[in-house]
Every structure is written in structure tokens, then in C-alpha cells.
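**Student:** Sending over a structure as C-alpha cells; questions will come in a sec.
The values are calculated or read from the model by the stated rules, or taken from the named source; none is laboratory data. Note that the coordinates shown come from a computational prediction; the quantities given were computed from them, not determined experimentally. Cβ: placed from backbone, ideal geometry, glycine included. Neighbour counts: every protein chain shown.
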């Protein structure tokens with residue numbers, strides 16, 4: 001079986017952590033087609049659900065500083081308002097001429113695009129490439145379908161896929177490559193990805209040493225939600241190291257023996273119960289053992305029962321199984337297993353919890369119309385690195401990748417356009433819910449405060465991005481045993497039994 005370059009991942013998770021990229025084939029009755037002009041917009045009866053494909057399971061079977069005594073308030077990626085600093089790479093003045101020079105004589109051609117980004121988000125996305133048509137004369141037809149992940153495999157196998165597909169998981173990209181119908185990305189695309197993205201992103205678009213798919217949209221999972229007003233009232237500051245975060249948790253426990261506690265969480269999600277626990281484990285492995293071990297873990301070269309993963313689970317347990325820390329505003333430690341993912345962070349809104357770890361897309365779960373920002377009702381800070389490690393700024397990410405089924409020059413021209421800094425800014429200007437990890441994205445063009453924070457984290461020169469590990473593992477593990485065993489763990493099962501049971505579920509070949 002093909003392997004994701006550099007990590008040997010073999011997952012084929014088609015619906016893990018669904019979000020807005022639930023899609024399907026243009027032949028599906030749920031598909032919504034767009035006319036051939038790129039100035040037209042996508043429509044769908046299925047509303048978009050966020051800025052990125054890597055999100056919580058859409059339904060069952062889916063599947064994604066210090067206490068006041070010390071520490072600093074942190075940089076802008078850790079709770080204060082993000083700002084754009086320094087000069088950003090920019091190709092506004094050159095992208096059109098470069099495109100026409102590299103891909104001449106394409107005016108009047110049509111490129112078909114297929115994805116699962118539906119509703120308002122899909123409509124806004126399809127409006128973001130209008131100037132590609134103005135520049136090249138190439139029309140772009142966008143089809144959005146909530147059954148994308150099932151339909152695209154069938155279409156690729158049958159040889160009737162669209163020219164381009166926006167693929168929401170590296171595992172799904174791998175399966176599409178295995179059909180033999182996905183073509184390698186042109187050199188111009190590879191060069192732009194090298195120029196504008198953290199190299200981790202290129203890894204996930206690469207299969208068996210060949211680069212197929214450039215990144216498109218992005219979201220950040222490495223966030224901790226909090227109430228700035230609650231922090232201010234108690235004199236707490238945003239932690240900038242893992243150790244500061246633990247110290248803050250201890251101080252909250254000491255200051256509030258009767259509550260509210262420091263952390264609230266929930267992992268119930270129907271048949272996908274447990275997926276949020278995998279995120280916690282992944283975040284700690286990245287910070288404590290580092291990205292190289294993380295990559296080996298995905299390939300099972302480092303097993304769950306090996307010391308680095310066992311140590312990481314112990315660290316997670318020091319927070320999640322600490323009755324002084326959890327489960328704020330909800331119940332005891334065991335209540336984490338019974339609390340719905342969508343409800344896990346809500347006690348922050350009612351003043352009954354101080355912190356909740358969850359991705360940027362969690363914002364849609366809060367009730368009413370809260371304000372987001374460093375002085376708002378709710379905000380988030382970067383889940384900090386461990387100060388005694390030297391792994392940079394680890395980030396767990398999600399996003400889509402641009403896979404092509406044609407080598408026609410007009411198709412390659414559109415692939416190239418989508419890797420420009422110019423388009424990354426167009427996308428965020430067109431849709432407040434969408435961002436890119438393209439380092440040429442100017443944060444001034446990002447409207448949403450949480451997405452601004454996410455962009456700043458992604459663009460940090462010390463950032464080290466890794467995709468969700470469970471989405472890259474075999475489905476029997478990443479969306480099976482790991483979910484169920486971590487659920488058993490939070491309700492009392494010991495660490496060794498939990499890890500051994502997950503290892504036992506790893507396929508023999």
C-alpha cells in the first residue's frame with residue numbers, strides 16, 4: 001500500500017472529523033453545481049460548517065502563561081490581539097504574468113472543480129478565484145457536494161472525476177492516488193509550496209516520494225479557549241509555556257476550592273465517542289516527544305505502549321484525571337466520557353470553567369452571539385510548548401489539498417494560481433471563515449479574531465505543523481480502538497491496558 005512520504009502512514013479514513021468538507025460526486029443528487037463561469041457561486045442545501053475540513057465528526061460514523069504570581073501575558077499568538085509584522089511574501093504584481101507565461105494559450109478553456117465545501121462557505125470560496133478568469137480567460141466550474149468523500153473515490157476509480165478535487169484528509173488523498181488517476185503536481189506548484197508553506201504541509205500532499213497535492217485551506221487544533229473577563233477578574237495571565245499552564249491550573253484549584261475548576265471537556269460523539277481524547281494525546285506527543293517520534297508513531301514504528309506514548313498519556317492524565325482540575329461546571333472526571341463534544345467548552349460562557357482545549361472550529365458551538373477577542377467574552381491562546389524541549393512551536397493542523405486528475409495546461413494553471421499568496425489573500429477577503437497556511441497571507445485580510453490568531457500561529461517561523469495523527473493511522477486504530485480505549489481510560493481503565501489494547505488493534509499488514 002502507498003505510504004504518505006516521510007511518515008509511512010497507511011490510513012484511509014474517509015469521514016474522520018468531517019466539518020465543512022463533506023462532499024460527493026457531481027452525479028449525486030445532493031451535489032450542487034455551479035455554472036462554468038468562475039464569477040458564479042456555489043450553492044447547496046447543506047450549509048457550510050466552518051473554515052476547514054479538519055473538524056469534529058459531523059455525525060456518528062464520521063471520522064476530527066502563568067498564574068498571577070508570575071509569567072508573562074504572552075505574545076500575540078498566546079492570547080493577545082494578533083498583528084502582522086515584517087514584510088510578507090507577495091506576488092500580487094506578478095502572479096498573472098507568471099501564470100500566462102508558464103501556461104500560454106489557455107483562454108476559453110474550462111476547469112472543473114469538485115469538493116465538499118458547501119453552503120455560504122462554498123459560495124464565498126468559489127468567488128475567490130474570479131480574477132483567475134479575468135487574467136487567463138479560463139472558466140472555472142465548481143461543484144459542491146456533502147457526499148464528496150464517498151463519491152470522489154467512485155469517480156476516480158471510474159475515470160470520470162473532475163479536473164480538480166479539494167481533498168480534506170491525507171489518507172483520502174492516498175486512496176485516490178492508489179487509483180492511478182491522480183497526476184503529480186507541476187514544478188511551478190511544487191516551487192510555490194516550498195516558498196510559502198511550512199515543509200510539513202508538503203509532506204501530506206506527497207505519496208511514495210511523489211508530490212501530488214498542494215495545501216488549500218487550513219485550521220488550527222492547538223488552541224485553548226478561555227474567558228478574558230474571567231482571567232482579568234482573578235488576575236490570571238495567559239500561559240506561554242506548558243509549565244505555566246500547569247501552574248495556572250494549580251493556582252485556579254487553590255484559589256477556587258469549591259469551583260469553578262480549571263478545565264472542562266467532553267468526548268461523547270455518538271459512535272465517534274473518544275475522538276477528542278485522541279487530540280489531547282496527539283498534542284502532548286508533539287510537545288513532549290517531538291515531531292520525529294510523532295511521525296514514527298503514525299507509522300507504528302513507535303508503538304502506543306512504547307515509553308514516549310506512555311509518558312504522553314500519563315501527562316494527559318495529570319490534567320484530565322486530576323479531580324482538582326476537572327470537569328468544571330459539569331461533573332467529575334468520568335463525566336468527560338458522557339459530555340458531548342459540542343458541550344465540553346460551554347461552561348466557560350457561564351463562568352463555571354476557565355479553559356477548554358479545542359480547535360479553531362469550536363467557536364460555532366458557543367451559544368448566542370458572544371464577542372471573540374482578547375477583550376471579548378471568549379478567546380483562545382496557543383496551547384503552549386514545553387519549555388524544556390527544543391521542538392519549536394508544535395501545531396496540530398487540518399485542511400484540504402488540491403488533487404488533479406488532468407495534466408491539461410489550464411488545469412495546471414489553476415493549480416498554480418491556488419498556491420499564490422495573491423489567492424490566499426483573496427480567499428480570506430471572500431470568506432471570513434477560511435484561511436490558508438500560506439505564509440503570504442496578510443493577517444489584515446482575515447476578519448475573524450480566532451482565524452487571525454490561527455494565521456499568526458501558522459506563520460510563526462518556529463512553527464512545526466503536523467496533521468491529526470489518528471486521521472493518518474489505519475481506521476481500525478485511529479477511528480476505532482483509540483477512540484474506544486481512551487474512553488475506557490477516562491472512566492477508570494489503567495494506562496498500560498489502554499495502550500496495549502490499541503496496539504493490538506493495529507492491522508498485521
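**Student:** Based on what the data block shows, is residue 97 more than 22 Å from residue 212 (Cβ to Cβ), modelled with pLDDT of 95 or more and assigned to a loop (DSSP other than H, G, I, E, B)?
**Tutor:** In short, no.
**Student:** In region 312-430, which strands (runs of 3 or more DSSP E) lie fully inside it and hold 3 or more residues that are more than 30 Å from residue 174 (Cβ to Cβ)?
**Tutor:** 353-357, 379-382
**Student:** Okay, moving on. Quick check on my filter: what residues within region 261-299 are buried (at least 18 other Cβ atoms within 10 Å of the Cβ) and farther than 23 Å from residue 389 by Cβ?
**Tutor:** Correct list: 261, 264, 265, 266, 267, 268, 269, 272, 273, 274, 275, 276.
**Student:** Checking the structure you have, find out if any residue of region 165-183 is within 20 Å of the chain's Cα centre (by Cα) and over 22 Å from residue 201 (Cα atoms).
**Tutor:** No, every residue in region 165-183 fails to be within 20 Å of the chain's Cα centre (by Cα) and over 22 Å from residue 201 (Cα atoms).
**Student:** Can you tell me which residues in region 456-468 are surrounded by fewer than 24 Cβ atoms within 10 Å (Cβ to Cβ), assigned to a loop (DSSP other than H, G, I, E, B) and in contact with a helix residue (DSSP H, G or I) (Cβ under 7 Å, 6 or more places away or on another chain)?
**Tutor:** 460
**Student:** Does any residue of region 474-496 turn out to be buried (at least 18 other Cβ atoms within 10 Å of the Cβ), in contact with a strand residue (DSSP E or B) (Cβ under 8 Å, 6 or more places away or on another chain) and not in a helix (DSSP H, G or I)?
**Tutor:** The answer is no, given that none of the residues of region 474-496 is buried (at least 18 other Cβ atoms within 10 Å of the Cβ), in contact with a strand residue (DSSP E or B) (Cβ under 8 Å, 6 or more places away or on another chain) and not in a helix (DSSP H, G or I).
**Student:** Six or more apart or on different chains, Cβ under 7 Å: which pairs go from a residue in region 146-158 that's in a helix (DSSP H, G or I) to one that's surrounded by fewer than 19 Cβ atoms within 10 Å (Cβ to Cβ)? Could you list them?
**Tutor:** Pairs that qualify, where the first residue is in a helix (DSSP H, G or I) and the partner is surrounded by fewer than 19 Cβ atoms within 10 Å (Cβ to Cβ), are 151/28; 156/179; 156/181; 157/179.
**Student:** How about region 302-311: which of its residues are in a helix (DSSP H, G or I) and touching a helix residue (DSSP H, G or I) at 6+ places or on another chain (Cβ under 8 Å)?
**Tutor:** Matches in region 302-311: 308, 309, 310, 311.
**Student:** Next up: Every residue in region 202-221 that is assigned to a helix (DSSP H, G or I) and surrounded by 24 or more Cβ atoms within 10 Å (Cβ to Cβ), please.
**Tutor:** The answer is 204, and nothing else.
**Student:** Against the definition (surrounded by fewer than 18 Cβ atoms within 10 Å (Cβ to Cβ), touching a strand residue (DSSP E or B) at 6+ places or on another chain (Cβ under 9 Å) and more than 20 Å from residue 263 (Cβ to Cβ)), how does residue 399 come out, yes or no?
**Tutor:** Details: surrounded by fewer than 18 Cβ atoms within 10 Å (Cβ to Cβ): no; touching a strand residue (DSSP E or B) at 6+ places or on another chain (Cβ under 9 Å): yes; more than 20 Å from residue 263 (Cβ to Cβ): yes.
No; evaluated as a whole, the condition is false for this residue.
**Student:** Somewhere in region 353-363, is a residue over 20 Å from the mean Cα position of the chain (by Cα), surrounded by 18 or more Cβ atoms within 10 Å (Cβ to Cβ) and either in the same structural domain as residue 212 (by TED's automatic domain parsing) or more than 27 Å from residue 485 (Cβ to Cβ) (or both)?
**Tutor:** Yes, region 353-363 contains at least one residue that is over 20 Å from the mean Cα position of the chain (by Cα), surrounded by 18 or more Cβ atoms within 10 Å (Cβ to Cβ) and either in the same structural domain as residue 212 (by TED's automatic domain parsing) or more than 27 Å from residue 485 (Cβ to Cβ) (or both).
For (1) more than 28 Å from residue 419 (Cβ to Cβ); (2) assigned by TED's automatic domain parsing to the domain that holds residue 373; (3) modelled with pLDDT under 95, each residue gets a yes or a no:
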residue	(1), (2), (3)
449	no, no, no
458	no, no, yes
486	yes, yes, no
490	yes, yes, no
494	yes, yes, no
498	yes, yes, no
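**Student:** Sticking with this one: From 453, 441, grab the single residue that is under 20 Å from the mean Cα position of the chain (by Cα), in a loop (DSSP other than H, G, I, E, B) and at pLDDT 95 or above.
**Tutor:** 441
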